[in-house]
Amino acid sequence: MSDFSFLATVKSHLQSKVEDQNFYLTPHTDIKYPCCLLELDEVQQNIGLGENSVLAKVKFRTVCLDGDVGVKSSLDQSKKINQHLDGQVLSLSDGRSAIVKLMGNVVDISKNGQKKQ
């Protein structure tokens, strides 16, 4: 399983469920807020011990960013993402399935980390 193929599947799933949000796999200069950045954290492969066991474990995080100062909007975004990811079974492009299990999230307070003037 390609880890970025999995992240692309997660991105497509979220885009179909959360229309008022922009999703990115890599940060770039023309990011539109509000958005969530999907970051690959860790990949463990060849961990399957049996015929029907897990083949790989992919850890990723979603970082929700907002142009407004304050925690509430970022927490609301994060909560919405959690509702659409936790416990979902996603079909991958190679025909396999992936089960998403929520571990935690990261919330950014503002896009620049500064107070709004």
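The values are calculated or read from the model by the stated rules, or taken from the named source; none is laboratory data. From a predicted model like this one, the values you see are computed outputs, not experimental measurements. Cβ: placed from backbone, ideal geometry, glycine included. Neighbour counts: every protein chain shown.
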Could you say whether any residue in the stretch 85-95 is under 12 Å from the mean Cα position of the chain (by Cα), surrounded by 13 or more Cβ atoms within 10 Å (Cβ to Cβ) and modelled with pLDDT of 80 or more?
-> yes
Matching residues, the stretch 28-76, being modelled with pLDDT under 80 and touching a Leu at 6+ places or on another chain (Cβ under 6 Å) = 48
Of these, 79, 32, 57, which one is more than 12 Å from residue 7 (Cβ to Cβ) and surrounded by fewer than 11 Cβ atoms within 10 Å (Cβ to Cβ)?
-> 32
Mind listing just one residue for me: the one in the stretch 3-47 that is in contact (Cβ under 8 Å) with a residue 12 or more places away in the chain and assigned to a loop (DSSP other than H, G, I, E, B) and, of those, farthest from residue 102 (Cα to Cα)?
-> 31
Quick one: count up the residues across the stretch 48-76 that are within 18 Å of residue 21 (Cα to Cα) and either polar (S, T, N, Q) or free of Cβ contacts under 8 Å to residues at least 40 places away in the same chain (or both).
-> 7
Taking first residues from the stretch 77-88 that are over 18 Å from residue 37 (Cβ atoms) and second residues anywhere that are surrounded by fewer than 16 Cβ atoms within 10 Å (Cβ to Cβ), the pairs with Cβ under 9 Å that are 6 or more apart or on different chains are 83/17; 86/101; 86/102; 87/99; 87/101; 87/102; 88/99
Could you check how many residues of the stretch 54-84 are among the aromatic types (Phe, Trp, Tyr) and more than 12 Å from the chain's Cα centre (by Cα)?
-> 0
Residue list for the stretch 54-97, restricted to those being assigned to a loop (DSSP other than H, G, I, E, B) and of a type in the set (A, V, I, L, M, F, W, C) = 54, 55, 69, 92
